[in-house]
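Visitor: Okay, here's the structure, questions in a sec.
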């Protein structure tokens, strides 16, 4: 499960020995991989990093998304199609509440819902934090899209990006939402090679993000038996 381990590296902000880096003749930093290939450290267009466009289309969860998993922290959940996705037990990060694997894809198509109770002022601030965190933990990063969307009546931030770590290429797409209690994100990812073929399934999963009452977590209370009655003398 190398792909899941790599995701754990990104989410948990673990450090590792990076690939060898070098400078081109014009001063651009590149990463040199063991197989002899190389990539620019950051090929993102500066304009893409700074700009967030607004998509006026309305996005909704698919009709086949009949099952919902509610967050234990925020009033947010994710609807998904149980015939396409199954829950997996992966303790990759304390912020990942649910991890999904594709039922019909043996090569690796994954998704997750993450939440954190930390106040973030704007979705633009959240974008900056996400990019900063990912870039700090990968060898190569490229932002492909970022835009505001309305998904199931919620204003969200949509982000799509590619990343390489330890010689493996991945691509991610996710919808992120904030409220006064914290933020939530529903993200789908796969190897970059198969991402385009899986893009429709990933879109269906991330469009399942919805406003729902958070899951009630019952606390176990300990009760002791009352003492036996005192015998009268």
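Visitor: If a/c stays under 1.5 just call it rounded; otherwise compare a/b with b/c (prolate if a/b is bigger, oblate if not). Do that for the stretch 52-174, with a ≥ b ≥ c from the square roots of the Cα gyration tensor eigenvalues.
Guide: Verdict is rounded for the stretch 52-174.
Visitor: Once Rh for the stretch 156-206 is found with the Kirkwood sum over Cα pairs, what is the Stokes-Einstein diffusion coefficient at 10 °C and 1.306 mPa s, in µm²/s?
Guide: Taking Rh from Cα pairs, D becomes 136 µm²/s.
Visitor: Then there's this: Using Cα pairs under 8 angstrom and six or more residues apart, how large is the relative contact order of the stretch 116-197, in percent?
Guide: Relative contact order of the stretch 116-197: 28 percent.
Visitor: Computed over the Cα atoms, what is the radius of gyration of the stretch 103-143 divided by 2.2 N^0.38 Å, N being its residue count?
Guide: 1.56
Visitor: On a C-alpha basis, how far is the centre of the stretch 105-156 from the centre of the stretch 188-206 in Å? Whole number, if you could?
Guide: Each part reduced to its Cα centre gives a spacing of 15 Å.
Each reported figure results from applying straightforward, stated rules to the coordinates on display, with no laboratory input. In this text, all values refer to a predicted model and were calculated from it rather than measured experimentally.
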